[in-house]
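Novice: Okay, here's the structure, questions in a sec.
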Amino acid sequence: MSNNDESTSRWRLDWPTSAGGRIARGQLKSCPEDFQVDEDLQGVPAEASPEDITGDGEHLCLRLRKTGDNTEFVARELASLAGCRSFDVGFCGLKDRHAVTSQWFSLYRPGKASEDSEFIASVAERWQVLSAFRSSRKLRRGDHQGNRFVIVLRDVVGTRVDIDQALARLKEQGAPNYFGPQRFGHGGGNLDQAAAMDPSAMDSRSRSGGRGRKGKNRAGREASKNVLYFSAARSWLFNEVLAHRVAEGSWLTPMDGEPGQTAGESVPTGPLWGDGGTVAEGVQGELEHRVVEQAPDLVRVFSTTRMKPERRALAVLPGELVWHWQDDNSLRLEFSLAPGQYATTLLNDVFELEDMSLGRHNKQQG
């Protein structure tokens with residue numbers, strides 16, 4: 001089933017599923033409580049009560065439960081409440097506003113430990129504070145161990161036996177680890193921008209943007225957009241390689257030339273393109289170059305970036321996946337995912353999802 005924007009885009013925005021097609025439909029995020037995310041921060045003290053703050057360090061870490069606010073908005077508001085710079089607020093990953101989420105934030109508050117209780121009380125007027133502790137380091141992207149999801153799909157259309165079998169397959173082998181089309185902009189607009197971008201715009205030495213504060217602000221905004229377009233290009237090339245592997249049935253099997261391959265331990269990965277393209281060699285390296293070179297406008301983006309090639313797993317594998325039917329048309333699923341993996345990507349392997357938070361008839365394919 002195709003993404004709505006694909007018919008008017010030069011870019012493919014819907015990729016093959018593991019079983020050759022989605023077998024059911026369902027409504028996602030009919031209400032915030034139908035999409036719950038709980039962030040798991042590795043190494044958190046066993047006693048992290050906001051009433052009895054443990055730990056030492058210049059950073060106050062707070063675990064908040066929020067509904068209706070996205071991560072970056074909360075971070076800005078916390079900075080305002082704390083009287084610090086936005087840069088002084090850290091978090092592990094972005095969370096959707098159309099959900100009930102518990103998430104960790106860190107705030108740089110050196111020498112203010114005696115004021116923590118008062119500050120937490122002010123935060124609690126906006127969001128529920130679940131836990132708190134002091135740390136010597138700022139939270140950064142990917143610092144968490146993973147996320148635990150509780151998701152309810154409503155108005156599910158499909159055969160229950162087929163859906164149960166498909167979910168059992170997901171539990172065993174996972175799903176193709178695609179980046180969702182929302183990363184690529186409406187109709188692939190971010191990819192259009194990437195294809196038209198001057199590759200030197202990704203070179204930090206060229207980001208002068210004029211003189212004075214206005215020039216610096218303009219340069220900062222342009223640099224942020226260029227990073228967004230660059231990321232979209234990198235993600236789309238990965239999806240194309242993964243789609244080729246899915247179509248030929250090799251996405252779960254390491255190939256000759258897999259980086260870091262050891263006997264019986266290699267996890268199949270795909271390229272996050274960079275300077276020099278890919279670190280894969282042999283048969284796998286040849287395949288990745290062959291697929292990526294079909295998009296020369298995007299490959300050109302990487303010609304001067306000096307961005308190191310990286311790897312990403314081809315499969316997203318849920319941890320502790322369980323599900324049960326609440327009634328004939330409502331399905332509740334619980335599972336955990338590693339950082340950088342997406343619940344909608346997993347579910348999209350089985351279901352055509354209608355994201356009700358976007359408005360009726362908007363399809364969410366990632």
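Novice: Using beta carbons and a limit of 7 Å, which pairs, at least six apart or on different chains, have the first residue in the stretch 123-135 and touching a residue at least 60 places away in the same chain (Cβ under 8 Å) and the second one among the polar types (S, T, N, Q) and open to solvent by 20 Å² or more (accessible area, probe 1.4 Å)?
Specialist: Qualifying pairs under 7 Å: 131/49; 133/54.
Novice: State whether the residues of the stretch 162-177 include one that is in contact with a helix residue (DSSP H, G or I) (Cβ under 6 Å, 6 or more places away or on another chain) and among the small types (Gly, Ala, Ser).
Specialist: yes
Novice: If you go through the stretch 28-44 one residue at a time, do you hit one that is of a type outside the set (Asp, Glu), on the phi > 0 side of the Ramachandran plot and more than 23 Å from the chain's Cα centre (by Cα)?
Specialist: Checking the stretch 28-44: not a single residue is of a type outside the set (Asp, Glu), on the phi > 0 side of the Ramachandran plot and more than 23 Å from the chain's Cα centre (by Cα).
Novice: Related question: Between a residue in the stretch 87-112 that is within 17 Å of residue 135 (Cα to Cα) and any residue that is surrounded by fewer than 24 Cβ atoms within 10 Å (Cβ to Cβ) and hydroxyl-bearing (Ser, Thr, Tyr), which pairs come within a Cβ distance under 8 Å, given they are 6 or more apart or on different chains?
Specialist: From residues that are within 17 Å of residue 135 (Cα to Cα), the pairs are 88/108; 89/108; 91/71; 103/71; 106/135.
Novice: What's the total number of residues in the stretch 251-275 that are open to solvent by less than 20 Å² (accessible area, probe 1.4 Å), small (Gly, Ala, Ser) and over 28 Å from residue 195 (Cα atoms)?
Specialist: Final tally of qualifying residues: 1.
Novice: Further, regarding this structure: Does at least one position in the stretch 102-109 carry a residue that is open to solvent by less than 50 Å² (accessible area, probe 1.4 Å) and closer than 24 Å to residue 358 by Cβ?
Specialist: Yes, there is a match, as at least one residue in the stretch 102-109 is open to solvent by less than 50 Å² (accessible area, probe 1.4 Å) and closer than 24 Å to residue 358 by Cβ.
Novice: Condition first: more than 21 Å from the chain's Cα centre (by Cα) and either under 15 Å from residue 296 (Cα atoms) or open to solvent by 10 Å² or more (accessible area, probe 1.4 Å) (or both). Now tell me which residues in the stretch 233-245 satisfy that.
Specialist: Within the stretch 233-245, 244 is the sole residue that qualifies.
Novice: Let me ask something else about it. When the residues of the stretch 50-68 are filtered to those that are open to solvent by less than 40 Å² (accessible area, probe 1.4 Å) and part of a loop (DSSP other than H, G, I, E, B), which remaining residue is nearest to residue 140 (Cα to Cα)?
Specialist: Only one residue tops the list, namely 57.
Novice: Any idea how many residues of the stretch 127-154 are among the charged types (D, E, K, R) and over 26 Å from the mean Cα position of the chain (by Cα)?
Specialist: Qualifying residue count for the region: 1.
Novice: Then there is this: Would you check if residue 322 is of a type in the set (Val, Ile, Thr), under 24 Å from the mean Cα position of the chain (by Cα), modelled with pLDDT of 95 or more and crowded, with 20+ Cβ neighbours inside 10 Å?
Specialist: Details: of a type in the set (Val, Ile, Thr): yes; under 24 Å from the mean Cα position of the chain (by Cα): yes; modelled with pLDDT of 95 or more: yes; crowded, with 20+ Cβ neighbours inside 10 Å: no.
Against the criterion (of a type in the set (Val, Ile, Thr), under 24 Å from the mean Cα position of the chain (by Cα), modelled with pLDDT of 95 or more and crowded, with 20+ Cβ neighbours inside 10 Å), residue 322 does not qualify.
Novice: I've got another one for you. Tell me, which strands (runs of 3 or more DSSP E) lie completely within the stretch 271-366 with 2 or more residues that are touching a Pro at 6+ places or on another chain (Cβ under 6 Å) and either under 21 Å from residue 14 (Cβ atoms) or aromatic (Phe, Trp, Tyr) (or both)?
Specialist: Filter on the stretch 271-366 gives an empty set.
Novice: Related question: So how many residues does the stretch 143-201 have that are part of a loop (DSSP other than H, G, I, E, B), modelled with pLDDT of 95 or more and open to solvent by 10 Å² or more (accessible area, probe 1.4 Å)?
Specialist: 3
Novice: Just give me the residues in the stretch 74-119 being over 29 Å from residue 35 (Cβ atoms) and out of contact with any helix residue (DSSP H, G or I) (no Cβ under 9 Å at 6 or more places or on another chain), in sequence order. Outline the logic, then answer.
Specialist: Quick first cut of the stretch 74-119, residues over 29 Å from residue 35 (Cβ atoms) only: 83-85, 87-88, 108-119.
Listed by number, the residues that qualify are 83, 110, 111, 113, 114, 115, 116, 117, 118.
Novice: Limited to the stretch 36-79, what total is found for residues that are of a type in the set (Gly, Ala, Ser) and without any contact (Cβ under 8 Å) to a residue 60 or more places away in the chain?
Specialist: 5
The values are calculated or read from the model by the stated rules, or taken from the named source; none is laboratory data. Since this is a predicted model, take the numbers as computed values, not measurements. When we count neighbours, we look across all protein chains shown, and the Cβ atoms used for this are built from the backbone with ideal geometry, even at glycine. These area figures cover heavy atoms from the full protein model, side chains too; ligands, DNA and RNA do not enter into them. Shrake-Rupley method; radii C 1.70, N 1.55, O 1.52, S 1.80 Å.
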